[in-house]
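Each remark here refers to the structure printed beneath this line.
Read the figures in this text as sums done on the coordinates, not as results from a lab. Being a predicted model, the structure only gives us computed values, none of them experimental. Glycine gets a Cβ as well: all are built from the backbone with ideal geometry, and neighbour counts include every protein chain shown.
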Amino acid sequence: MNLEELNATATSERLARAKKRHHIHVCVGTACQALNSEQIAKALQAELKQRGQSHDAEVKCVGCPGLCSLGPLVEVESRVNGQATTDAPEEDRRKSVLYQFVKPEDAAEIIAHLDGEPVKRLETPLDQPFFTRQTKIVLENCGKIDPERIEDYIAAGGYQALMKALTEMTPQQVVDEITRSGLRGRGGAGFPTGLKWGTVAKADPNAYPTNVPEGIQSRKFVICNGDEGDPGAFMDRSLMEGDPHRILEGMAIAAYAVGANHGFIYVRAEYPLAVKRLRTAIRQAQRAGLLGNGIGGTAFSFNVDIRLGAGAFVCGEETALMASIEGGRGVPRPRPPFPAECGLWGCPTLINNVETLANVPPIIMKGADWFASIGTEKSKGTKVFALTGQVVNTGLIEVPMGITLREIVFDIGGGIPGGRQFKGVQTGGPSGGCIPAQFLDMPVDYESLAKVGSIMGSGGMIVMDDTTDMVEVARFFMEFCMDESCGKCIPCRAGTVQMHRILTKIQEGKATQRDIQILEELCDMVKHTSLCGLGQSAPNPVISTLRYFRDEYEKKINGHHKSKPNGLSD
């Protein structure tokens with residue numbers, strides 16, 4: 001499929017959409033699927049057929065629209081300008097109604113009200129801050145397109161950026177555009193994406209001995225890291241489920257920029273729906289000539305394979321991830337050399353997180369200046385967060401860098417339920433820290449989070465109220481890191497066990513001040529001597545809770561408090 005054919009497909013799909021007066025979008029992400037959303041879609045389709053309205057309305061299964069706490073969600077878009085605009089479908093104005101907690105038995109009532117007033121008992125407002133305060137770039141298609149139809153993605157402008165890069169830009173111009181945009185890695189470290197791309201592009205594929213398997217011609221590789229393992233995080237999963245072609249397009253542009261012809265998407269096997277939709281997307285893109293040999297009629301070729309992870313958190317670390325792809329045990333190796341010079345099978349390798357790659361197509365289409373105008377001076381663009389914990393609106397959000405924690409928790413999140421008080425928010429998963437109420441007006445960006453002892457991480461954000469036991473929070477994350485340690489280096493393997501032992505001792509009311517001192521010494525040792533990011537960041541939840549909630553440790557040590565079995569304070 002060349003550019004002309006791509007444009008023809010997009011126009012055809014938009015015209016077909018404009019002819020339908022009603023579009024009914026049913027979320028079939030993992031959360032809503034667990035609540036029978038597929039049965040809801042079938043019930044809605046059956047009701048349309050029974051009423052003879054299939055010609056005028058369609059039911060579309062879409063990805064996660066974000067507000068998971070109100071699922072299953074059904075959105076009804078209806079044309080408000082009377083006639084279908086067959087010559088200019090972009091002018092096809094529509095209004096939307098969002099229904100919450102939908103059940104299959106609600107289908108008849110929803111269809112009966114398509115041309116009248118909405119079903120008030122199911123309706124939730126779309127003008128609430130949860131939606132209006134977001135800025136969607138990465139998630140713009142989630143909840144709008146069918147992730148299993150490439151035509152839907154093309155109609156939304158999909159693969160235009162890839163064709164622009166291949167036909168109008170040199171690889172170096174693509175690298176320069178990403179560099180000027182200020183995009184930084186969304187996987188946690190925040191490394192400048194353009195700098196990483198430029199390093200791989202310049203790397204000599206013959207600088208190190210290689211052992212590439214037979215059948216793979218490429219000597220440079222692109223890897224999409226979809227091994228999302230943080231407790232409470234589901235950003236990458238939702239993106240892979242809701243807009244898989246966006247990720248493939250970002251990978252293909254990256255491969256063109258750095259000179260790679262083969263890529264891998266590394267996904268944890270616990271994400272079966274994401275794996276299924278990625279495989280479907282790869283097949284569709286190959287059939288359309290948008291992956292494979294001679295993409296879009298050009299000389300550029302790029303193939304993508306999927307590799308499944310076995311659930312090891314350490315495989316989120318890039319060298320452990322590569323070891324797993326190669327068929328070995330997923331353990332990290334010392335650096336340098338870095339993957340950009342000596343990576344997969346000894347070849348230069350570009351590794352980017354799912355969200356990072358999903359930012360690439362809009363940057364290429366709209367330009368670096370557009371992207372750089374969003375966010376802060378050093379943290380450009382938007383960030384996707386999985387907002388969970390003790391907050392009214394739990395779900396997936398995308399906000400500009402620099403927004404305050406208060407705006408996220410109390411405006412978008414709707415505040416703390418049950419009249420409780422805000423106590424803190426944990427960002428960055430097991431590698432992050434706990435941020436107390438005194439920093440609610442702090443901007444959320446890479447530098448600000450680092451100053452208060454936390455990190456952006458991949459985007460997990462857990463809100464805690466005044467019933468939360470912060471020592472138990474630290475112990476929970478330490479237990480996670482202890483269990484997930486690969487055991488290769490002694491500081492992480494032994495240090496996390498000892499820190500967990502002391503935290504348990506504190507919880508049981510058996511610790512002394514000397515234990516606190518030893519805990520702090522262990523944090524310093526593990527942080528500065530561990531081999532990889534798992535061990536180096538494992539002490540962060542302990543360090544931050546000791547820093548901001550030390551009084552809770554002191555009370556337990558002085559015998560003034562015994563923790564309940566559920567870890568909550570008295």
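Between the residues Gln50, Val62, Leu35, the greatest Cα displacement towards the positive end of the dipole of the stretch 1-62, with unit charges on the Cβ of Lys, Arg, Asp and Glu, is found for Gln50. Between the stretch 106-179 and the stretch 198-231, the C-alpha centres lie 31 angstrom from each other.
About its Cα centre, the dipole of the chain is roughly 680 debye, where the only charges are +1 on Lys and Arg Cβ and -1 on Asp and Glu Cβ. Projecting the Cα atoms of Ala386, Ile416, Met401 onto the charge dipole of the stretch 382-465 (Cβ charges, centred on the Cα centre) puts Ile416 farthest toward the positive pole. Rounded to the nearest whole Hz, the Karplus-based 3J(HN,Hα) values (6.51 cos²θ - 1.76 cosθ + 1.60, θ = phi - 60°) of the stretch 124-140 follow the sequence 10, x, 8, 9, 6, x, 3, 8, 6, 8, 8, 10, 9, 10, 5, 9, 4, with x at glycine and proline.
In angstrom, the C-alpha Rg and Dmax of the chain are 24.6, 77.
Give me the dipole magnitude in Debye, nearest 20, for the stretch 1-71 about the Cα centre, with unit charges on the beta carbon: positive for Lys and Arg, negative for Asp and Glu. Working shown, then result.
Working: 9 positive and 7 negative charges, 60 e Å.
Computed about the Cα centre, the dipole is about 280 debye.
Comparing Cα centroids, the stretch 311-327 and the stretch 260-301 end up 20 angstrom apart.
Across the stretch 470-557, counting alpha-carbon atoms alone, Rg and Dmax equal 11.9, 36 Å. A straight line joining the Cα centroids of the stretch 480-505 and the stretch 437-470 runs 24 Å.
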